[in-house]
Amino acid sequence: MICLILNLLLLSPTHVNLDAQADNGKAPIVEWLTERDHDFQHLRQEHPKTFVFRFKNIDTQPIVLQTVRTSCGCTAATWTEAPIPPGGTGEIEVEYDAYQRGEFSKKIRVFFDRQRKPEILWIRGEVD
């Protein structure tokens, strides 16, 4: 009986609609001024490369880039830490260390203070 009630609550239209609004109901707060998927193409081993992702605050209020999480220790990121006013721009500088030979594809998650889900960026290439 308890399982039936829980299933009904979890599958009720109200619950589904609230989740959809929380995830999709808000307008984006940033516009990416660079590509979100950067291909370094071919890198020389042990010669790190850097790419700078740029974005613009398209919201009506200042935003703060809270943190940037990379998928491994081979990728480091620094970013604009000051609040970004409406119409202002910010940067995320990502460096790939290029120590290991072979193809790579690394995911970068960007967390803003006024956005529930992270923005996803990618870097990829091949180390020769």
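Give the residue that is surrounded by the most Cβ atoms within 10 Å (Cβ to Cβ), with candidates limited to residues of region 69-89 that are among the aliphatic types (A, V, I, L, M) and in contact with a Gly (Cβ under 9 Å, 6 or more places away or on another chain). Break it down into steps so the answer makes sense when it comes.
Going through region 69-89, the residues among the aliphatic types (A, V, I, L, M) turn out to be 76-77, 82, 84.
If we keep only those that are in contact with a Gly (Cβ under 9 Å, 6 or more places away or on another chain) as well, we get 82, 84.
Numbers: Ala82: 10, Ile84: 21.
In this case the residue turns out to be Ile84.
Please verify whether region 58-68 includes one or more residues that are surrounded by 13 or more Cβ atoms within 10 Å (Cβ to Cβ) and closer than 26 Å to Asp128 by Cβ.
Taking every residue of region 58-68 in turn, none turns out to be surrounded by 13 or more Cβ atoms within 10 Å (Cβ to Cβ) and closer than 26 Å to Asp128 by Cβ.
Here are the criteria: (1) in a strand (DSSP E or B); (2) of a type in the set (Ser, Thr, Tyr); (3) within 24 Å of Pro28 (Cβ to Cβ). Tell me which single one Thr50 does not satisfy.
It is condition (3) that Thr50 fails.
Any idea which residue in region 61-89 is nearest to Leu121 (Cα to Cα), counting only those that are assigned to a strand (DSSP E or B) and without any contact (Cβ under 8 Å) to a residue 40 or more places away in the chain? Talk me through it step by step, then tell me what you get.
At the first step, the residues of region 61-89 found to be assigned to a strand (DSSP E or B) are 63, 65-70, 75-79, 84, 89.
Still in the list and also without any contact (Cβ under 8 Å) to a residue 40 or more places away in the chain: 70, 76-79, 84.
Details: Thr70: 9, Ala76: 13, Ala77: 12, Thr78: 14, Trp79: 13, Ile84: 19 Å.
Ranking the candidates gives Thr70 first.
Take the residues of region 90-128 that are surrounded by 15 or more Cβ atoms within 10 Å (Cβ to Cβ) and assigned to a loop (DSSP other than H, G, I, E, B): which is modelled with the lowest pLDDT?
Restricting to residues being surrounded by 15 or more Cβ atoms within 10 Å (Cβ to Cβ) and assigned to a loop (DSSP other than H, G, I, E, B), the top hit is Gln115.
Just for region 29-60: of the residues that are without any contact (Cβ under 8 Å) to a residue 40 or more places away in the chain and not hydrophobic (A, V, I, L, M, F, W, C), which one is farthest from Ile120 (Cα to Cα)?
Of everything passing the filter in region 29-60, Thr60 is farthest from Ile120 (Cα to Cα).
The values are calculated or read from the model by the stated rules, or taken from the named source; none is laboratory data. Because the structure is a prediction, the values reported are computed rather than measured. Note that each Cβ is placed from the backbone with ideal geometry, even for glycine, and that neighbours are counted across all protein chains shown.
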